[in-house]
Amino acid sequence: MSIRINWQPSAELDIASYDIERADNLTGATWIQLVNIPHNLTGPNYDIPTALFFYLDATGDLTKYYRLIAIDNINQRSIPSIPFQPASSAQALPNVVKVDHNYGSPGALRYQTAGGIPVEAAIIRIYKKVDFDLGNTDAPLAITMTDARGNWVNPINLGVGFTYTIQIAKEGLYGPDKMEITV
C-alpha cells in the first residue's frame, strides 16, 4: 500500500527543504529518513491546486509512524512534527496545531481582568516571537478576537516547533498584554 503524505509549506522565509522520517513504532522509535524534499513551490513534490507539498511512500502502510522536519538555509533543523500514524492512505501529515483559549489546559489563554472578569471584543494578534522581538508587528500571522466569555472566537492554526507571541488588547480599556507559547 502507498501512503501519500501532505503538508503545508512553512511560512518561514529561509526554509530550504523538508525531511520525511518513518518509524515502525513510538516506543524506542528508530526514525529513518525516507526523503529530503526541496522547498520549491514549482517542484515535482508541490501540488499547486491544493497548495500542499506531498510525498508518496510506496513502501508505507497504515501501521507506520511519520514525522516532518523543516530545514533552513544554514542546515538548522526544526523540532520534528508530532508523530503521525495515517488513518487512511490519503491522510495529511499534521504539522500545524489549532490554538485557542484552551491551548495547554482548559481556559489557559482566556482573556480576563485580574479580577477574573471576561473581556469581550479584545483583539488577539499572533506573531512569531522572533519577529515580535525585532519589532516586526505590522503583519501578524493571525488575528482573532474574544467573545463575551473571554474565549477566542476562532482557533488559529500555528506551525509546530516555533515560539509565538500573543498580544491581546481592548483599545483604550485593557492591554496590550503579551504572552508566549511554544507549539
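The values are calculated or read from the model by the stated rules, or taken from the named source; none is laboratory data. Remember, it's a predicted structure, so these values are computed and weren't measured experimentally. Cβ coordinates were reconstructed from backbone atoms using ideal geometry, including for glycine residues, and neighbour counts include every protein chain displayed.
From the list P38, P9, the lone residue that is touching a strand residue (DSSP E or B) at 6+ places or on another chain (Cβ under 8 Å), surrounded by 12 or more Cβ atoms within 10 Å (Cβ to Cβ), outside the structural domain of Y164 (by TED's automatic domain parsing) and without any contact (Cβ under 8 Å) to a residue 40 or more places away in the chain is P38. Of the residues making up segment 147-183, those that are on the phi > 0 side of the Ramachandran plot, without any contact (Cβ under 8 Å) to a residue 60 or more places away in the chain and not in a strand (DSSP E or B) are G150, G172. Scan segment 45-62 for residues that are surrounded by fewer than 11 Cβ atoms within 10 Å (Cβ to Cβ) and modelled with pLDDT of 85 or more and the total you get is 0.
Looking only at residues of segment 63-78 that are at pLDDT 90 or above and among the β-branched types (V, I, T), we find that the one that is farthest from D24 (Cα to Cα) is I74.
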